[in-house]
Amino acid sequence: MLGVLQVERTSYRRCALTLKDIAERARRDATVPVAERDVERALSALLSSEDIWRVIDLSGVPVMALVRVLSALREAGFLDWDGGRLVLTPEGREFAGSLGIGPKLELKCPHCGGRGTTLGPVGKIADKFKEIARDRPEAIQDYDQGYVTEETTLYRVAFMWSRGDLFGKELIVLGDDDLVSIAAGLTGAPKRIVVLEIDQRLVDFIRDVADKEKLPIEVKQHDLREPLPPDIKGKFDAFFCDPTESLRGFKVFAERGIAALKGPGSAGYLGLTHCEASYGKWREIQRFFLDAGAVIAELRDAFHDYVNWPYIDHMRSWPHLPVHRIPGRDEIWYRSALIRIELVEGPHIQERRYEGDIFSDDEAATT
Ligand SMILES: [Fe+2]
């Protein structure tokens, strides 16, 4: 009888916990921000899936914050992962229910994968591009590489075309492990394409393809920590880059891209995740764009799907994950938004030289 009473008391005590309590536990000694809303997002994802990679994707909580929320939920008796699955305990389900939290819905349009665009004329080069991409250099950790699916690159190019930033335009790509320059070149739409790339393997690969296919692509080996070469600055209608996601690293890429633009009316495209960037970081980034003279014209979340990279069990967040299962190559969990900015004035950019590591900050998870 006493035992039953104790159980009841324990469960009463657990359910008296609030999102704030869990968030506070998760924040204990943390170097990353954890919001109460992150706890809510994590619970909603856990009600939809027991798989670690799906929970990361569905929750939209930065990985380094999510692992702390999961630990706090386990500490409270709401979650268990001994069997390699993330299983909410009956108390955990009761907790979520008492807060009115339901399972996360993913209502992606089945036609466009939620991208809101079709391939249009880019569809014609799809087979050729996929054939070329088969021989691409594999992603390496040195430069925080990890490329998107070929389909994603094609949709990206179609999106740029539809926004008037490709046909007859001068395009610069800053870091091109996604092979945007090749897909854009194959369409025959851009007037000129320049690639700045640090990795000699990619420089050689893109150059060889451009020669063979007679594409209007110039490839220059360049470390983006250095300011732009003078013949590049202020010369382009549009830039594309998929920055590393430390705040400093993101700004390095964005500053170089914006500095390459001609002026008002020129556009920039960038990727940004939830996996490695809290809304606090998103806000800093948005402020940076506004200060640079740009407006965020469009933002399409989860536009980019990434192929799993070979160094996944060596990435920064790996030892912190509660469950260690290497996902299949095409088991997509890392996605990023496509952001389109357009210059309204400026660009107002102070070109600086950066030293040292640009890949790490406390939220970095895949470096
Ligand atoms: Fe659609």
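The values are calculated or read from the model by the stated rules, or taken from the named source; none is laboratory data. Quick caveat: nothing in here was measured; it's all calculated off a predicted structure. Positions of Cβ are backbone-derived with ideal geometry, glycine not excepted, and every protein chain shown enters the neighbour counts. SASA here: full protein model, heavy atoms, side chains in, ligands and nucleic acids out. Shrake-Rupley method; radii C 1.70, N 1.55, O 1.52, S 1.80 Å.
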Lys and Arg at +1, Asp and Glu at -1: add these up for the other residues within a Cβ distance under 15 Å of G114 and post the number.
0
Segment S360-D211, length gained on full extension (0.36 nm per residue, minus Cα span):
50.0 nm
The chain: antiparallel bridges as % of DSSP beta bridges, rounded to 5, reads 45
Descending accessible area (1.4 Å probe), largest on the left, turns D199, D57 into D57, D199
Could you run the Debye sum over the Cα atoms of the chain, one equal point scatterer each and no solvent, and tell me log10 of I(q)/I(0) at q = 0.09, 0.14, 0.15 Å⁻¹, two decimals?
-0.54, -1.15, -1.28
Testing the spin-label approximation: label points 7 Å from Cα along Cα→Cβ at R325 and Q221. State their distance in nm.
4.2
Residue list for segment 291-308, given a label point 7 angstrom along the Cα-to-Cβ vector of E345 and an amide N cut-off under 19 Å
291-297
Candidate residues T18, T367: accessible-area rank, largest first, probe 1.4 Å
T18, T367
Using the basic label-point model (7 angstrom from Cα toward the beta carbon), what is the E151 to R248 distance in nanometres?
3.8
A 1.4 Å probe over the protein heavy atoms gives the chain a carbon and sulfur accessible-area percentage of 49
Any idea what the relative contact order of the chain is, in percent, if you count C-alpha pairs under 8 Å spaced at least 6 apart?
17
Under 10 Å from the Cβ of I296, count the other residues' Cβ atoms, weight Lys and Arg +1, Asp and Glu -1, and hand me the total.
-1
Return the distance in nm (one decimal) between the two label points of a simple spin-label model at R352 and K20, each offset 7 Å from Cα along Cα→Cβ.
3.8
Can you tell me which aspartates and glutamates have their Cα less than 15 Å from the Cα of K124? Leave out same-chain residues fewer than eight positions away.
E150, E151
What are the lysines whose alpha-carbon lies under 25 Å from the alpha-carbon of K251, with same-chain residues fewer than 8 places away excluded?
K169, K220, K233, K235, K262, K281
Applying 1/(1 + (r/R0)^6) with R0 = 35 Å to the Cβ-Cβ distance of I140 and S48, what FRET efficiency is obtained, to the nearest 0.05?
0.55
Nearest 500 deg cm²/dmol is fine: what mean residue ellipticity at 222 nm does the chain get from its DSSP H runs of n ≥ 4 alone, each adding -39,500 (n - 2.57), divided by its residue count?
-11000 deg cm²/dmol
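Taking a probe of 1.4 Å, how large is the accessible area per residue of the chain, in Å²?
That works out to 44 Å² for each residue.
Residues with beta-carbon under 12 Å from that of V209, excluding V209: net charge, scoring Lys, Arg +1 and Asp, Glu -1?
It works out to a net charge of -1.
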Within the chain: Cβ-based charge dipole about Cα centre, in debye rounded to nearest 20 (Lys, Arg +1; Asp, Glu -1)
740
Quick one: length gained pulling E36 to D204 fully straight, 0.36 nm per residue minus the C-alpha distance?
55.7 nm
For peptides 63-73, 339-349, 95-105, sequence by mean Cβ density within 10 Å, most packed first:
63-73, 339-349, 95-105
Just to verify a number: FRET efficiency for S162 and K108, C-beta to C-beta distance, R0 = 22 Å, to 0.05?
0.65
Ranked highest first by average number of other Cβ atoms within 10 Å, how do 107-115, 177-185 line up?
177-185, 107-115
